[in-house]
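Let me begin by presenting the structure, written as structure tokens, before commenting on it.
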Amino acid sequence: MKYGSAETTLSTKRRTRIGCWNIRTLRGTNKLEELDKILRESRIEMCGLSETRWTGTGEHRTVAGNTLIFNGPNTNTGQHGVGLLISKERRNSLLSWVPVAERIIVARFANNHKHLSVVQCY
């Protein structure tokens, strides 16, 4: 997915907290909102997620305004899936993202020097 010109928010002079988590599942009521709350409290601005177990490919906006980009199998197997949860402040620097496979997603971010690619694999 491509986006228009991104406002540069990633900077080498400002710390960005990035994490990863084998979440085991985001299926079920309010699982994404619980995860979003935990990451906000931890001040993690980007988090790569494994084993989301969501089907298909897409974006989802949380109640807090953060964005989940995800990729999973096309059939409802209840397995696999990856995602990247991005804070609303860091969302502005997202240039594009590509769903490579049900276990791999690549996102590209602008920063003040070059572009940064984040690869999440499971």
For this session: Starting from the Cα of LYS88, draw a straight line to each of the aspartates and glutamates and keep only those under 20 Å, dropping any in the same chain fewer than 8 residues away.
Result: GLU7, GLU33, GLU34, ASP36, GLU41, GLU45, GLU59
Seminar exercise, completed: In the chain the accessible area split gives carbon plus sulfur, as whole percent at 1.4 Å, a share of 48
Problem set entry | Rg [Å, one decimal], Dmax [Å, integer] - segment 13-122, C-alpha atoms | 13.2, 43
Seminar exercise, completed: Taking a probe of 1.4 Å and leaving out DNA, RNA and ligands, the chain shows per residue an accessible area in Å² of 57
For this session: Give the calculated FRET efficiency between GLU41 and ARG14 to the nearest 0.05, with a Förster radius of 25 Å applied to their Cβ-Cβ distance.
Result: 0.80
For this session: Please find the FRET efficiency linking GLU34 to ASN112, where r is the Cβ-Cβ separation and R0 is fixed at 22 Å, and quote it to the nearest 0.05.
Result: 0.05
Exercise. Relative to the longest principal Cα axis of the chain, at what angle does helix 31-42 sit, 0 to 90 degrees, rounded to 10?
Worked result: 30
Exercise. Short version: ³J(HN,Hα) in whole Hz for each residue of segment 82-97, in order, from phi by Karplus 6.51 cos²θ - 1.76 cosθ + 1.60 (θ = phi - 60°), x for Gly and Pro, what are they?
Worked result: 10, x, 9, 9, 10, 5, 5, 5, 7, 4, 5, 8, 5, 8, 6, 8
Exercise. Amide H to amide H, which residues 5 or more places from GLY19 or on other chains are under 5 Å from it, using H placed in the peptide plane?
Worked result: MET46, CYS47, GLY48
Seminar exercise, completed: Protection proxy (average C-beta count within 10 Å per residue), highest first, orders 17-29, 46-58, 103-115 as 46-58, 103-115, 17-29
Exercise. Using θ = phi - 60° and the Karplus form 6.51 cos²θ - 1.76 cosθ + 1.60, what ³J(HN,Hα) does each residue of segment 49-65 get, whole Hz, x for Gly and Pro?
Worked result: 10, 10, 6, 5, 6, 8, 8, x, 10, x, 10, 9, 9, 7, 4, 6, x
Exercise. Which value, in Å² rounded to 10, gives the accessible area of THR67 with a 1.4 Å probe and all protein chains present?
Worked result: 0
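The values are calculated or read from the model by the stated rules, or taken from the named source; none is laboratory data. Not measured: the values here are computed from a predicted model. For neighbour counting, all protein chains shown are included, and Cβ atoms are generated from backbone atoms with ideal geometry for every residue, glycine included. Surface accessibility is based on the protein's heavy atoms, side chains included, excluding ligands, DNA and RNA. Shrake-Rupley method; radii C 1.70, N 1.55, O 1.52, S 1.80 Å.
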